[in-house]
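Note sheet for the following structure.
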Amino acid sequence: MAERENRRGRGRREEETPEFADRLVAINRVSKTVKGGKRFGFAALVVVGDQKGRVGFGKGKAKEVPEAIRKATEQAKRQMIRVPLKEGRTLHHDMHGRHGAGKVVMRTAPEGTGIIAGGPMRAVFEMLGIKDVVSKSIGSQNPYNMIRATIDGLKKESSPRSVAQRRGKKVADILGKRDQAPAADAAAESAEA
């Protein structure tokens, strides 16, 4: 019976592994002074994503590094968010994110730009599956706050489809306004001439 449960658990883990990629962002050694000396522990910060628009982060603490990473990965998988991507490679619009003293600015970018971002933010974008983005971290350099600020900004991301649905319009009505404005200006100029 125990052998069958072990086999079943192993099979499930193998199914989950290819689905999600994970990136260790920071590991911190902490110590607690007790009567006999110092006890060391480790805190890990991990970002997990499917590289198709889902991302999450987690932190784990344990006496050993692998256990802290495992706990952080499990927590990250539990609190994943879905972010709509434009053409599966960049953001739909520019946005700001904030958490505590950590502030981040994220901007959409043309194809071929690549990921222009600092360490913790880069990990979030890579796990999310973004290929072109320009971002800047302003304020706190603490990786925890930077990741939380990035996730906060990504939660504000809205696709044209969701905006159209919320307003009760068609996607073409929302996106078409940008294309029609230059055409209207050109028509006005030709009428004046």
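The values are calculated or read from the model by the stated rules, or taken from the named source; none is laboratory data. A quick note: this is a predicted structure, and the numbers were derived from the prediction, not measured. Ideal geometry is used to build each Cβ from the backbone, glycine not excepted, and the neighbour counts take in all protein chains shown. Accessible surface is based on the protein model in full, side chains and every heavy atom, while ligands, DNA and RNA are left aside. Shrake-Rupley method; radii C 1.70, N 1.55, O 1.52, S 1.80 Å.
Numbers below:
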item: Some residue of segment 64-82 being touching a residue at least 12 places away in the same chain (Cβ under 8 Å), in a loop (DSSP other than H, G, I, E, B), within 16 Å of residue 25 (Cβ to Cβ) and open to solvent by 30 Å² or more (accessible area, probe 1.4 Å); result: yes
item: Residue 162 being out of contact with any Lys or Arg (no Cβ under 9 Å at 6 or more places or on another chain), farther than 10 Å from residue 102 by Cβ and not aliphatic (A, V, I, L, M); result: yes
item: Any hit, segment 106-116, residues being of a type in the set (S, T, N, Q) and open to solvent by 30 Å² or more (accessible area, probe 1.4 Å); result: yes
item: Hits in segment 95-105 (condition: among the hydrophobic types (A, V, I, L, M, F, W, C) and either at positive phi or open to solvent by less than 20 Å² (accessible area, probe 1.4 Å) (or both)); result: 95, 104
item: Within segment 126-193, helices (runs of 4 or more DSSP H) holding 3 or more residues that are at pLDDT 90 or above and of a type in the set (A, V, I, L, M, F, W, C); result: 143-155
item: Residues of segment 22-63 that turn out to be under 23 Å from the mean Cα position of the chain (by Cα), assigned to a strand (DSSP E or B) and surrounded by fewer than 16 Cβ atoms within 10 Å (Cβ to Cβ), as a count; result: 4
item: Candidate set from segment 141-166 (those that are among the hydroxyl-bearing types (Ser, Thr, Tyr) and farther than 14 Å from residue 105 by Cβ); member that is surrounded by the most Cβ atoms within 10 Å (Cβ to Cβ); result: 144
item: Segment 97-118, residues that are small (Gly, Ala, Ser) and touching a strand residue (DSSP E or B) at 6+ places or on another chain (Cβ under 7 Å); result: 97, 101, 102, 109, 117, 118
